[in-house]
1. Sorting check: for 75-83, 21-29, which peptide has the highest mean count of neighbouring beta carbons within 10 Å, and how do the rest follow?
2. Counting pairs of alpha carbon atoms under 8 Å apart in space and at least six apart in sequence, what relative contact order in percent does segment 18-66 give?
3. Quick one: what are the phi-derived ³J(HN,Hα) couplings along segment 52-58, Karplus 6.51/-1.76/1.60 with θ = phi - 60°, whole Hz, x for glycine and proline?
4. Run through all the Cα pairs of the chain and give the fraction in each 5 Å bin from 0, expressed as whole percent.
5. Could you look at the chain and say what percent of its accessible area is carbon and sulfur, using a 1.4 Å probe and all protein chains?
6. For the chain, what's the relative contact order in percent, using C-alpha pairs closer than 8 Å and at least 6 residues apart?
7. Which residues' amide hydrogens lie under 5 Å from the amide hydrogen of D34, considering only partners 5 or more residues apart or on another chain, with H built in the peptide plane?
8. Largest first, what is the accessible-area ranking of C37, C32 with a 1.4 Å probe?
Amino acid sequence: YVFANYYGVSLPHDADAISDLGTEVSWDNIQCGDVLCHDYNSDGYIDHVSIYIGNGYYIHASDSRRGVITTTYMSNVATIRRFI
């Protein structure tokens with residue numbers, strides 16, 4: 001939603017498909033707007049994505065109960081991708 005409506009970048013809904021797109025970024029070069037791709041089960045499949053919003057914070061759609069939240073802890077990051 002964010003990338004399509006604010007930046008004109010169309011991304012697939014599937015987290016695993018997103019992990020193959022954009023440009024790979026290292027932790028040392030992470031910037032606001034970079035997408036973190038999470039492999040929660042360490043099985044090679046990307047289960048979830050979040051967006052880095054700066055100062056160690058990330059935003060993501062948590063679940064239907066909590067909705068969209070910000071957090072400082074994101075686990076099992078398999079790759080970081082840049083689209084903007």
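The values are calculated or read from the model by the stated rules, or taken from the named source; none is laboratory data. These numbers come from a predicted model, not from an experiment. Every residue, glycine among them, receives a Cβ derived from its backbone with ideal geometry; neighbour counts consider all protein chains shown. Keep in mind that these areas ignore ligands, DNA and RNA; they rest on the heavy atoms of the full protein, side chains included. Shrake-Rupley method; radii C 1.70, N 1.55, O 1.52, S 1.80 Å.
1. Peptide ranking by packing, descending: 75-83, 21-29.
2. 27
3. Ordered by residue, 3J(HN,Hα) equals 6, 10, x, 6, x, 9, 10 Hz.
4. 3, 15, 26, 29, 20, 6, 1
5. Ligands and nucleic acids excluded, carbon and sulfur reach 48 percent.
6. Value for the chain: 33 percent.
7. Here the answer is Y52, since their amide H atoms fall under 5 Å of that of D34.
8. Descending accessible area places them as C32, C37.
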